[in-house]
Amino acid sequence: MSRTYISASLRRIVSDRAQNMCEYCLIPEMLVLASHQVDHVIAEKHGGETIEENLALSCSLCNQAKGSDIASIDPETGYTVRLYSPRKDIWKEHFCLDSKSGKIQPLSTVGRVTVRLLRMNRVASLLSRQLFARYSP
Ligand SMILES: [Zn+2]
């Protein structure tokens, strides 16, 4: 989450690169009432800059849940694990989307802590992804 000014042109670059979908939970911007937001993958308080390489398009729910966090505690091991980075990681290496249920299954410890912290499988998100899968070509 950021209060830093982001120019319209930078926002357009970030939105286009993400194809207007949340880069964490994949919900398309057209399916939610609140506009997607530009997230600092590494929050400014941790030294993250306001540059393309550190920005990601995020739905307001993921952005709010992530806040300035960059890691979380894995409930299965108790270890601190970094969060998924849309700029450095490949989504399909950490998550799997069940398009029928809309549920995102983690495939790695990074995926597991990210799904949990960002609450990617909240009911509203499941319904949005089910709807998108049903009506997308
Ligand atoms: Zn999201």
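Assuming a ≥ b ≥ c are the square roots of the Cα gyration tensor eigenvalues, decide whether region 64-137 counts as rounded (a/c under 1.5), prolate (otherwise, with a/b larger than b/c) or oblate. Prolate. Count Lys and Arg as plus one, Asp and Glu as minus one, and take only other residues whose Cβ is under 14 Å from that of residue 132; the net charge is then +2. Amide H contacts under 5 Å for residue 95: 107, restricted to partners 5 or more places along the chain or on a different chain, H placed in the peptide plane at 1.01 Å from N. Placing +1 on each Lys and Arg Cβ and -1 on each Asp and Glu Cβ, with no other charges, gives the chain a dipole about its Cα centre of roughly 400 debye. Hey, in the GNM for the chain with a 10 angstrom Cα cutoff, which one of 102, 78, 48 fluctuates hardest? Between 102, 78, 48, it is 78 that shows the largest mean-square fluctuation. Across the chain, the convex hull enclosing all Cα atoms gives 106 Å³ per residue. When only DSSP loop residues count, what trypsin sites (Lys or Arg not before Pro) in region 1-83 have their Cβ near at most 10 other Cβ atoms within 10 Å? Sites meeting the loop and neighbour criteria: 3. Near residue 37, the amide H atoms lying under 5 Å from its own belong to 58, 59, 60; only residues 5 or more places off or on other chains count, and H is placed 1.01 Å from N.
Taking amide H positions as modeled 1.01 Å from N, with prolines and chain starts lacking one, the residues under 5 Å from residue 55 and 5 or more places away or on another chain are 41.
What shape does region 1-57 have by the C-alpha gyration tensor, where a ≥ b ≥ c are the square roots of the eigenvalues, rounded means a/c under 1.5, and otherwise prolate means a/b greater than b/c and oblate the rest?
Note, shape of region 1-57 comes out prolate.
In order along region 82-93, phi translates into HN-Hα couplings of 5, 7, 4, 10, x, 8, 10, 9, 9, 3, 5, 7 Hz, rounded to whole numbers, per the Karplus curve 6.51 cos²θ - 1.76 cosθ + 1.60 with θ = phi - 60° and x for Gly and Pro. Taking the number of Cβ atoms within 10 Å of each Cβ as an exposure proxy, the fewest-first ranking of 95, 132 is 132, 95.
Taking the Cβ-Cβ separation of residue 100 and residue 7 as r and a Förster radius of 41 Å, what is the calculated FRET efficiency to the nearest 0.05? That gives a FRET efficiency of 0.55. Taking the number of Cβ atoms within 10 Å of each Cβ as an exposure proxy, the fewest-first ranking of 129, 116, 122 is 122, 116, 129.
For the chain, the mean residue ellipticity at 222 nm estimated from helices alone is -8500 deg cm²/dmol, where every DSSP H run of n ≥ 4 contributes -39500 (n - 2.57) and the total is divided by all residues, rounded to the nearest 500. Sparsely packed loop sites in region 17-113 (the GluC sites (Glu not before Pro) outside DSSP H, G, I, E and B with at most 15 other Cβ atoms within 10 Å) comprise 49, 76.
For residue 50, put the label point 7 Å out on the Cα→Cβ axis and report which residues of region 5-24 keep their amide N under 20 Å from it. Inside the label zone: 5-18.
No lab work stands behind these numbers, since they all come straight from the coordinates. Keep in mind that what you see is a predicted model, and the values were worked out from it rather than measured. So basically every Cβ, Gly included, is an ideal-geometry build from the backbone, and we count neighbours across all protein chains shown.
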